[in-house]
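One structure is given here, and the rest of the page talks about it.
The values are calculated or read from the model by the stated rules, or taken from the named source; none is laboratory data. Bear in mind the structure is a predicted one, so any value in this text is a computation, not a measurement. Quick reminder, even Gly has a Cβ in these numbers, built from the backbone with ideal geometry, and neighbours come from all protein chains shown.
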Amino acid sequence: MDSQKRLMLALALSFVVVTLWTVFFGPKPPPPTPLGAVADAGAVAAEPAAIAAVPTAAPLADAGAALPPVVALRRDFSKVHVQLSTDGARLTQAELQGAKMREPEHYAFVDGLQHAFGAKHTDSPQVDLGFWLGAGPGPLAVSVEGATPFPAGARYAVTEDAPKRIVMVATSGTWRVTKQFEWSQDDGELFSMGVALENLSDKTQAGDLSIRLGRSVDPTTEEKGSFFGGVGNQWKAACRVADKMQKQVPNDKPPPEYPGAVDFFGVDQQYFIAAVIPQADQRDGKCTLYATSTERSVAAAFPVKVEPGQKVERTYHVFLGAKDSEALATIAAPGAAAPAGAGPHLETAVEFGLWVAICKVLLGIMKFFYGVFHNWGVAIILLTVLVKLVLLPLTHKQMVAAEQMKKLQPRIEEIKKKFPDDRERQNLETMKLYQEAKVNPLGGCLPILVQMPVWFALFTTLRNSFEIYREPFIAPLWADLTYKDPTYLLPLALGVTMILTQRLQPQMSMDPMQARMMTYVMPSFFTLLMLSYPAGLSLYIFTNNVLSIAQTYGLRRYIRLKEAKT
C-alpha cells in the first residue's frame, strides 16, 4: 500500500474515531432546569416569582408614602400571557401559549428512545419572552439620558386599568412620563406602547429617550447552533439599523453601538422574537447591543427636545411571538406612513444567511405540500421527489455514463497491465480511452454537487423556520423534524441506502482497499455525522437515496432490454 492510500485510510479512520467519541462519549447537554433558577449577579431572584403570585393590580409593597406601591398587572391573551410591573413600568412576563411555543428540547439517546416509544415525557417549558433576572433596567423600561435624566427604575402609579388598556405615570425631577399599553387584538402578540415626555421646568430640555428590551438566559441549557451538530437554542441581541441586521452573542468585546434609522430592536432565538418597532417617522437614533452569559438586551436611544411646559409623544409597537416569516412581513410600524419598502422588515430576523434564496423556495414548496397533506414529513418527501425530477436529466446522463465506464473496466485493466510501472502513461492512456468512448469520468460528481446546496439550504430552513419547528412526521417516533432523530433509525437507514448506492456504482480503476473505503467507510462516517442533524434532513437524503437506487435499477433494465433488441 503506497503512502497516498495509507493517508486516505488514516484520515477516514480518524474521522470515524472522533465522531464515535463525540456522539457516544462526549459531554451530554444538561437536563432542562427551570429558567427561574438562574439569576444574574446582584439580582434578587425571587422578585419575578413574587410578582407573578399577586392578582391583577394588587399592591406588593409600599416603599413609603412618597412612592406608589409596586403593582403587578396581568393580561392573559390567547397567544401570550403578559404581566407588567409599576416598578419601572416594565415587562415582567410574556409567556407564549400553545404546544409549539416551548423551549427547544435537548435529551440524551436513552431518554429520546423512551419518549419515541411512548414513555412518559416531561415537556420543555413555555417560552417566556419577558423573563428577566438582571440588576439593570427590565424589558420595556424607558429613561431619558442627558443633562436632566429620568431614571429607568422610576416608580409609576396606575391611572387607568382597563382589560385592553393600561396607563401609568411617574414624575422625577423635571420630567413627567406617561406610558400607555394598549392591545387591539385578542391574541396579545402585538400591542402598542405610547410614551409621553412632559417638561415640568421653565427651560428647554433635550436628551435621548432610551428604551431597553432584553431577556435573561439560563447558561446551563443554552446551546450554540453548529453546522456540524445540533440546531441550538442561543438567544441574541438584535437590531435592524441603517437597513442592516445586527446581532450579538457573548464575547469579550465592548457592547457595539450602531447609529442610524432603527427599524426594530429586541432579542431573538431561532424560532421566537421579542421586538420593539419605532414610529415610521421617528426612527433616527442608535442601538447598543449587550450580551453576557446570562443576559441579552438592546438599548435603543432616540433624540428628543421638549420646550417648557410642553409634551412630546412617541408610539411603539411591541411584538412577542414566533418568527413566522410570512406573519412578520405583515407587521407595520406605528405612526405616519413610511415610504414604500422602508420597513420595519421584521421578517429579516429569520436568518437564512447565504442560502436565503434557496431556503425561501424550499420553504414555499414544502408549505404548498403541507397545505395539501397536512404533514411536514410528507412535504419533505414530496420535495425530494420534485428535486429528483428536476435533476432527472443530469442524473440520467450520469448513470448512462457510469454504465459505459463499467464496460470500459476490462480495457482499463489491460492498460494497467501493459504499463505496470508507469503511472503517468496509465493516466494518459486511460484518458484517451475515455475520450474515444465519449465518457466524462467526473460526470458522476455533478448531480451530487447540485444536491449539496439543497442539503445546506434545507438544514438552514429546518434550523430557522418556525413553521416546521416541533412538527412531527410519524409521532411519536419522529415528533420534531427540526431536532435530531431520537431513535437514530433514519440516519441508520440513510447509511444503508448510501452503501447500496455505492455498490451500484462502477469502481473504475480503484484497488480493493480504495473501493472498500468508498463503499463502506465514507457512508459509515456520513451516517455518524447525521446522528446529530435534524430528522427532516435525514428523511430528505434517505428518500433521495431510495429514488436513486430505484432509478439505477430501472436504467439497467432499460439498457438490457435495449441491447437484447439490437
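Please tell me if Leu133 is surrounded by 23 or more Cβ atoms within 10 Å (Cβ to Cβ) and more than 20 Å from Met193 (Cα to Cα).
Answer is yes for this residue.
Kindly indicate which of His81, His106 is over 19 Å from Gly153 (Cα atoms) and modelled with pLDDT of 95 or more.
The conditions single out His81.
What do you reckon, is Ile365 touching a Ser or Thr at 6+ places or on another chain (Cβ under 7 Å) and either in a helix (DSSP H, G or I) or without any contact (Cβ under 8 Å) to a residue 12 or more places away in the chain (or both)?
Judged against the criteria, Ile365 is not a match.
Can you tell me which residue in segment 184-234 is nearest to the chain's Cα centre (by Cα), limited to those that are at pLDDT below 95, buried (at least 19 other Cβ atoms within 10 Å of the Cβ) and of a type in the set (A, V, I, L, M, F, W, C)?
In this case the residue turns out to be Val231.
Take residues that are at pLDDT 75 or above, within 24 Å of Asn545 (Cα to Cα) and among the small types (Gly, Ala, Ser) and tell me which of the helices (runs of 4 or more DSSP H) falling wholly in segment 409-514 contain 2 or more.
Filter on segment 409-514 gives 489-504.
All but one of (1) out of contact with any strand residue (DSSP E or B) (no Cβ under 8 Å at 6 or more places or on another chain); (2) crowded, with 16+ Cβ neighbours inside 10 Å; (3) of a type in the set (Gly, Ala, Ser); (4) under 19 Å from Ala237 (Cα atoms) hold for Gly377, so report the exception by its number.
Of the numbered conditions (1) out of contact with any strand residue (DSSP E or B) (no Cβ under 8 Å at 6 or more places or on another chain); (2) crowded, with 16+ Cβ neighbours inside 10 Å; (3) of a type in the set (Gly, Ala, Ser); (4) under 19 Å from Ala237 (Cα atoms), the odd one out for Gly377 is (4).
Give, as residue ranges, the strands (runs of 3 or more DSSP E) completely inside segment 104-183 that count at least 3 residues that are assigned by TED's automatic domain parsing to the domain that holds Gly88 and under 16 Å from Val70 (Cβ atoms).
157-162, 165-172
Residues Ser210, Ser226: which one is in the same structural domain as Ala152 (by TED's automatic domain parsing), assigned to a strand (DSSP E or B) and either polar (S, T, N, Q) or more than 24 Å from Leu346 (Cα to Cα) (or both)? Spell out the reasoning first.
Working: Ser226 fails: assigned to a strand (DSSP E or B).
Among Ser210, Ser226, only Ser210 is in the same structural domain as Ala152 (by TED's automatic domain parsing), assigned to a strand (DSSP E or B) and either polar (S, T, N, Q) or more than 24 Å from Leu346 (Cα to Cα) (or both).
In segment 97-130, which residue that is among the hydroxyl-bearing types (Ser, Thr, Tyr) and farther than 17 Å from Gln270 by Cβ is surrounded by the most Cβ atoms within 10 Å (Cβ to Cβ)?
Tyr107
Do you know which residues across segment 466-485 are touching a residue at least 40 places away in the same chain (Cβ under 8 Å) and more than 20 Å from the chain's Cα centre (by Cα)? Spell out how you get there, then give the answer.
Residues of segment 466-485 that are touching a residue at least 40 places away in the same chain (Cβ under 8 Å), as a first pass: 466-474, 476-485.
Correct list: Ile474, Pro476, Leu477.
Suppose we filter segment 379-391 for residues that are touching a residue at least 40 places away in the same chain (Cβ under 8 Å) and hydrophobic (A, V, I, L, M, F, W, C); how many remain?
Here is the first cut: in segment 379-391, the ones touching a residue at least 40 places away in the same chain (Cβ under 8 Å) are 380-381, 383-385, 387-388, 391.
Checking which are hydrophobic (A, V, I, L, M, F, W, C) leaves us with 380-381, 383, 385, 387, 391.
Summing the residues that are touching a residue at least 40 places away in the same chain (Cβ under 8 Å) and hydrophobic (A, V, I, L, M, F, W, C) in segment 379-391 gives 6.
Would you be able to tell me the number of residues in segment 279-294 that are charged (D, E, K, R) and either crowded, with 17+ Cβ neighbours inside 10 Å or free of Cβ contacts under 8 Å to residues at least 24 places away in the same chain (or both)?
The initial filter retains those residues of segment 279-294 that are charged (D, E, K, R), namely 281, 283-284, 286.
Going one step further and asking which of them are either crowded, with 17+ Cβ neighbours inside 10 Å or free of Cβ contacts under 8 Å to residues at least 24 places away in the same chain (or both), we end up with 283, 286.
Number of matching residues: 2.
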